[in-house]
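First the structure, in the form of structure tokens, and then the observations on it.
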Amino acid sequence: MSEAAVLVIDMLNPYRHEDADLLAPNVADIVDPLAGLISRVRARDDVDLIYVNDNYGDFTADFDDLVDAALHGERPDLVTPIAPDGNCLRLLKVRHSAFYASSLDYLLGRLDAPRLILTGQVTEQCIMYTALDPTCGTSPSSLRRTPSHTLIPNSATPR
């Protein structure tokens, strides 16, 4: 059992969309703290690092395709410091919540981590929906037994 699971949500972005210019400066503010968090998590064997990313409607893409597109997109400076390595867990999602139509619930049940830490970009959408899913009782079953969930938009050190 892990002490915690850290979800990095929707940070793999090629920044080739209509609101990219609005999003990029906000992401630039969190890249360094997030890279620090990811580095600390990678150094621990009692915390699981899970990247969950939107597939942007491309159902032929696998996770490596998304990583490659983001690293070769308009803002690689926002992706390179936080890019996943070969040791992290990776999941694709299709909508706002990381739980919706993904295997995240099953994975978290297998990891049996008592704490879930959410971080990433677009807090008012994907992170919020992911945080709300367990409290609404719709999913995930693996987290309904826990009394609270941690939403950390920038950086934290898992304990």
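The values are calculated or read from the model by the stated rules, or taken from the named source; none is laboratory data. Small disclaimer: the values here were computed from a predicted structure and weren't measured. So basically every Cβ, Gly included, is an ideal-geometry build from the backbone, and we count neighbours across all protein chains shown.
A few notes on this one:
- If the condition is being more than 18 Å from Asp48 (Cβ to Cβ) and among the polar types (S, T, N, Q), then the stretch 1-19 contributes only Asn13.
- Criterion: at pLDDT below 95 and either assigned to a helix (DSSP H, G or I) or closer than 17 Å to Cys126 by Cα (or both) - qualifying residue of Ser39, Ser102: Ser102
- Subset of the stretch 43-57 [surrounded by 15 or more Cβ atoms within 10 Å (Cβ to Cβ) and modelled with pLDDT of 95 or more]: Arg44, Val47, Asp48, Leu49, Ile50, Tyr51, Val52, Asn53
- Checking each residue in the stretch 1-32 for being crowded, with 18+ Cβ neighbours inside 10 Å and of a type in the set (Asp, Glu) picks out only Asp10.
- From Thr135, Thr146, residue being over 21 Å from Asn26 (Cβ atoms), at pLDDT below 90 and not in a helix (DSSP H, G or I): Thr146
- Only one of the numbered conditions (1) at pLDDT below 95; (2) part of a helix (DSSP H, G or I) is violated by Asp64, and that is (1).
- From the list Thr119, Thr80, the lone residue that is closer than 22 Å to Leu22 by Cβ, free of Cβ contacts under 8 Å to residues at least 12 places away in the same chain and of a type outside the set (Gly, Ala, Ser) is Thr80.
- In the stretch 71-97, the residues that are among the hydrophobic types (A, V, I, L, M, F, W, C), within 23 Å of Ala28 (Cβ to Cβ) and either touching a strand residue (DSSP E or B) at 6+ places or on another chain (Cβ under 6 Å) or not in a helix (DSSP H, G or I) (or both): Val79, Ala83, Cys88
- Residue ID - farthest from Val8 (Cα to Cα), chosen from residues in the stretch 58-101 that are of a type in the set (Lys, Arg) and surrounded by 18 or more Cβ atoms within 10 Å (Cβ to Cβ): Arg75
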